[in-house]
Amino acid sequence: MKNSKVLEIKENSNAVQTTTRREFFKKTAIYSAGALSAASVLSPVLAKADDPAIINDAPWGQKLGDPVDKNLYGVPSPYEHNNIRRTHDLFSSGDSYASVSMCPIHESEGIITPNGLFFTRDHGGTAHVDPNEWRLMIHGKVKKEIVLTLDDLKKYPSETRIYFIECPANGSPEWRGPQFNSLQFMKGLMSAAQWTGVMLKTILDDLGLEKDAVWMLAEGSDNASNPRSIPVEKALDDVMVVWGQNGEALRPEQGYPVRLIVPGWEGNVNTKWLRRLEFSDKPWHSKEETSKYTMLQKSGKAIRYFWVNEVNSVITSPCPEKPWTNLKKGELVEIEGLAWSGHGTIKGVDISFDGGDNWVEAKLKGLVLPKSWTRFSYVMRWNGKPLLLASRSYDDFGNIQPTIDQETSAVGVESVYHRNAIVTWEITEKGECNNVQIRKHKKA
Ligand SMILES: Nc1nc2c(c(=O)[nH]1)N[C@H]1C(S)=C(S)[C@@H](COP(=O)(O)O)O[C@H]1N2
Ligand SMILES: [Mo]
């Protein structure tokens, strides 16, 4: 063959691989199914000596792959085309500008959402801001009023932290009973990322706050501007002004070039395309904020300020999109899910197989960080019987995830925001997974 040394090497390495694989099967053929470790999750899976996928040389190994300069900004494998954000009519206010797209959390791995899959909530469309024209004005009750360019902002010492963002409307249609047989539509109004920016406290220490500066108004430069007031106490605690998302610049959908991150608090106060911070002795309220972002109680009185996303969890595998229909009776299976709390750190997660009458403790997996997604896991052997699978989380502030009855008895049923009641999946004999709502639990 003319041309390349590369091809020669490639052909040789294939030959080696093929021989190695044949040798492997010669050896493994002497083991029977029972001889494989019974404790292994994979114990029922037998190496099949006639599996063409392992015996034959794969087509992609028979020729050169793509040149390294084909995708100078990488994209997912075409086989992953289903792992996308989705929209739903139930969340639409009639157009795609004041709307939402939901994160495919059923496909999520670990505790970080890839930038292209981060849920998006826009009130006036996704703005495309020219970073050279971007400015941040900080004024009102500060000793030194200031207008920053992006370069100015980046002169402050930066921090990188992992936080989730959740829209308080996450799962809101579920208040009226199960609406979706889909985890993405039930809980996909949230995502999590590693954010890079400057702590707002660093900037405010530099500028100096007036004594009576107790409220901060944050405003965006998009069509909706999304003005929101938050207490200065929170601003000085852990609020960040960020430009980085998972190691690169924010995406336009997430507020490029700069947004506010208000850890653990409802998504709507995380102002995107940030342009102005005004300090004051009074809160600023849009009509929307006073009429919508409140928590109506049974008494008919509303809680006006309800910022923190409460302790929450959901089993992500299985889920309606990821049922156990291919799982055989007696097989070991890992139940996995996500837990999060806007108050702090997840302390533990319990799992129930009988709709909340009995609970066992799940294992927390990997990083367990405040105001971040936390993964939990429980390996079990499914005997093929129907289950009512539920998860219940608790945080280091002593909060425990409520049952639906506990939640509605506290806040009534007219609310649409801040749904954090226990989610139950019904697993049928066939391994199908359905969204059901178990209202009451024997030992809650
Ligand atoms: N400027 C601006 N900021 C905004 C919004 C907006 O429409 N405009 N939407 C808010 C709402 S309601 C939510 S839930 C979060 C969503 O953040 P994301 O789109 O990055 O997921 O952004 C908030 N910040
Ligand atoms: Mo939101």
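For residue 260, indicate whether it is assigned by TED's automatic domain parsing to the domain that holds residue 115 and assigned to a strand (DSSP E or B).
In short, yes.
Which condition breaks for residue 202 when tested against (1) among the hydroxyl-bearing types (Ser, Thr, Tyr); (2) modelled with pLDDT of 95 or more; (3) assigned to a strand (DSSP E or B)?
Of (1) among the hydroxyl-bearing types (Ser, Thr, Tyr); (2) modelled with pLDDT of 95 or more; (3) assigned to a strand (DSSP E or B), only one is false for residue 202: (3).
If I filter region 90-117 down to residues being small (Gly, Ala, Ser) and part of a loop (DSSP other than H, G, I, E, B), which single residue comes out as nearest to ligand 1 (Cβ to nearest atom)? Break it down stepwise before answering.
Step one: list which residues in region 90-117 are small (Gly, Ala, Ser), which gives 92-94, 96, 98-99, 101, 108, 110, 116.
Add one more test, that the residue is part of a loop (DSSP other than H, G, I, E, B), and what stays is 92-94, 96, 98, 108, 110.
Working: 92: 14, 93: 12, 94: 16, 96: 13, 98: 8, 108: 14, 110: 18 Å.
Checked region 90-117; the qualifying residue nearest to ligand 1 (Cβ to nearest atom) is 98.
So, of the residues in region 155-184 that are closer than 22 Å to residue 232 by Cα and in a loop (DSSP other than H, G, I, E, B), which turns out to be nearest to ligand 2 (Cβ to nearest atom)?
Looking at residues that are closer than 22 Å to residue 232 by Cα and in a loop (DSSP other than H, G, I, E, B), I get 167.
When region 213-257 is examined, which residues are found to be more than 15 Å from ligand 2 (Cβ to nearest atom), hydrophobic (A, V, I, L, M, F, W, C) and not in a strand (DSSP E or B)?
213, 214, 232, 235, 236, 239, 250 - these are the residues of region 213-257 that are more than 15 Å from ligand 2 (Cβ to nearest atom), hydrophobic (A, V, I, L, M, F, W, C) and not in a strand (DSSP E or B).
Table: residues versus (1) in a loop (DSSP other than H, G, I, E, B); (2) at pLDDT below 90; (3) over 20 Å from residue 390 (Cα atoms); (4) not aromatic (Phe, Trp, Tyr).
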site	(1), (2), (3), (4)
306	yes, yes, yes, no
313	no, no, no, yes
316	no, no, no, yes
324	yes, no, no, no
338	no, no, no, yes
344	yes, no, yes, yes
347	no, no, no, yes
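Identify, please: which residue in region 219-274 is within 18 Å of the chain's Cα centre (by Cα), more than 9 Å from ligand 1 (Cβ to nearest atom) and of a type in the set (Gly, Ala, Ser) and is, among those, farthest from residue 135 (Cα to Cα)?
264
Scanning for something on the phi > 0 side of the Ramachandran plot and either basic (Lys, Arg) or assigned by TED's automatic domain parsing to the domain that holds residue 174 (or both), does region 370-384 turn up at least one residue?
yes
Among the numbered criteria (1) more than 16 Å from ligand 1 (Cβ to nearest atom); (2) within 30 Å of residue 434 (Cβ to Cβ); (3) touching a Lys or Arg at 6+ places or on another chain (Cβ under 7 Å), which one does residue 147 miss?
For residue 147, the failing item is (2).
Out of all the residues in region 41-69, which are modelled with pLDDT of 95 or more and of a type in the set (Lys, Arg)?
Result: 63, single match.
Residues to consider are 124, 74; find the one that is more than 17 Å from the chain's Cα centre (by Cα), within 11 Å of ligand 1 (Cβ to nearest atom), in a loop (DSSP other than H, G, I, E, B) and loosely packed, with under 15 Cβ neighbours inside 10 Å.
124 is the lone residue from the list that is more than 17 Å from the chain's Cα centre (by Cα), within 11 Å of ligand 1 (Cβ to nearest atom), in a loop (DSSP other than H, G, I, E, B) and loosely packed, with under 15 Cβ neighbours inside 10 Å.
Does residue 214 fit the bill of being among the β-branched types (Val, Ile, Thr) and either within 15 Å of residue 191 (Cα to Cα) or within 12 Å of ligand 1 (Cβ to nearest atom) (or both)?
In short, no.
Check 140, 94, 74, 110 and return the single one that is at pLDDT 95 or above, within 29 Å of residue 178 (Cβ to Cβ) and among the small types (Gly, Ala, Ser).
Step by step, each of 140, 94, 74, 110 is checked, and only 110 is at pLDDT 95 or above, within 29 Å of residue 178 (Cβ to Cβ) and among the small types (Gly, Ala, Ser).
The values are calculated or read from the model by the stated rules, or taken from the named source; none is laboratory data. Every value quoted in this text rests on a predicted model; they were computed, and no experiment measured them. Heads up, the Cβs are rebuilt from the backbone with ideal geometry, glycines too, and the neighbour counts pull from every protein chain shown.
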